[in-house]
1. Can you tally the net charge around PHE125? Count Lys and Arg as +1, Asp and Glu as -1, for every other residue whose Cβ sits under 13 Å from the Cβ of PHE125.
2. Hey, what number do you get for the chain at 222 nm if only DSSP H runs of n ≥ 4 count, each worth -39500 (n - 2.57), divided across all residues, to the nearest 500?
3. Of the beta bridges DSSP finds with both residues in the chain, what % are antiparallel, to the nearest 5?
4. Quantify, in whole percent, the carbon and sulfur part of the accessible surface of the chain (1.4 Å probe; protein heavy atoms only).
5. For region 16-46, which trypsin sites (Lys or Arg not before Pro) are in a loop by DSSP, counting at most 12 other Cβ atoms within 10 Å?
6. What spacing in nm lies between the two simple spin-label points modelled at ASN185 and LEU331, each 7 Å away from Cα in the Cβ direction?
7. With the other protein chains left in place, how much accessible area per residue, in square angstrom, belongs to the chain at a 1.4 angstrom probe?
8. Enter the Cα centre distance for the pair region 195-245 and region 3-74, rounded to the nearest angstrom.
Amino acid sequence: MNMPAEFPDLDSVDQALVAGVLAGRLRPLAKAITLIESSRADHRERAHRVLEGLLPHTGRAMRVGISGVPGVGKSTFIEALGLHLIEQGLRVAVLAVDPSSTLTGGSILGDKTRMELLSQRPEAFIRPSPSAGSLGGVAEKTREAMLICEASGFDVIIVETVGVGQSETAVAGMTDIFCLLQLPNAGDDLQAMKKGIMEIADLIVINKADIDAAAATRAKAQMLSALHMLRAASPNWTVPVLTLSALRKDGVVDFWKEVQRYREAMTASGEFAAKRRHQALAWMWELIDQGLRQRFRGHPEVRHALPQLSGAVEAGVSTPAAAAARLLSYLG
Ligand code: GDP
């Protein structure tokens, strides 16, 4: 357990919050995540200070991304995996990036009844997807929640997302290993190929193998030959395809062995740390891009000239390049 340290920049409320998180207590953990999820300007400032206090205590967990279409068995699988990891003496946090919540305000992944057994365990912490803002905003808050969970001593952070494209890229960009869950039918595999999701998968799982073992084996062979056509992300890792039954907890132990094998291979080659460094810098640039965009749109001269210049571009009397150059020039 981490020892509470001195944080001169924090007021006493936030000092207690940081100390509570570092002590591994769940209430301060949930409170800290609520704080970072708030979009109020004063909360954002406090959140930044709290995160800075926690940052030296982050980085020790294995960050696992899990994705797949609704119904593929993500929550069944995460529950089985989580319970297995708890048996190994590990603490497990489950976070989610749910792109549907940004559209509807509801959440496919936020249902409290999911992972009922896991949610009752004191070694587990399950947090539904933040629901406010764009996908970028949701992903940013999930990244911050992940750091808070790490500071709180969780050994494994699972970040779940639903398979609808961009959210996979966001989750792959914040985790150490990205795992794609598939159903044992070829139509689905082609879907994944089309969306370019197979390219970012480090591990592929064919779930529901108990329903039709032969179909699962066929799907595995198809996946492996499809993978052959893709360029490997690392010379030190060949993406494995596992068949599994989350419902019967069959193959969960092998799955975790593969995750550990990946970690060992990537650590030995130096790619594990390099990926995290790259992810941290990419995150910084994303925030810079967001900040610049906000500043741009809020600039008085831009706001004044934008409708007229947009109209000119639409009418074909100004080129997009000329209009963009003019608008950007207002930023100085
Ligand atoms: P999610 O939407 O991806 O989270 O999928 P769920 O975990 O909610 O699973 C959807 C349905 O598939 C549920 O009825 C599960 O019981 C079932 N299911 C999940 N994994 C398996 C499996 O390995 N075998 C079988 N037969 N059913 C499964």
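1. +3
2. Working: 15 runs with 185 residues, N = 332.
So the calculated ellipticity at 222 nm is -17500 deg cm²/dmol.
3. If we restrict to bridges inside the chain, about 5 percent are antiparallel.
4. Result for the chain: 57 percent of the exposed heavy-atom area is carbon or sulfur.
5. Of the trypsin sites (Lys or Arg not before Pro), the ones in loops of region 16-46 whose Cβ has at most 12 other Cβ atoms within 10 Å are ARG40.
6. With each label placed 7 Å out from Cα toward Cβ, I get 4.7 nm.
7. 51
8. Each part reduced to its Cα centre gives a spacing of 34 Å.
The values are calculated or read from the model by the stated rules, or taken from the named source; none is laboratory data. Computed from a predicted structure; not experimentally measured. For neighbour counting, all protein chains shown are included, and Cβ atoms are generated from backbone atoms with ideal geometry for every residue, glycine included. The accessibility values were calculated without ligands, DNA or RNA, using every heavy atom of the protein model including side chains. Shrake-Rupley method; radii C 1.70, N 1.55, O 1.52, S 1.80 Å.
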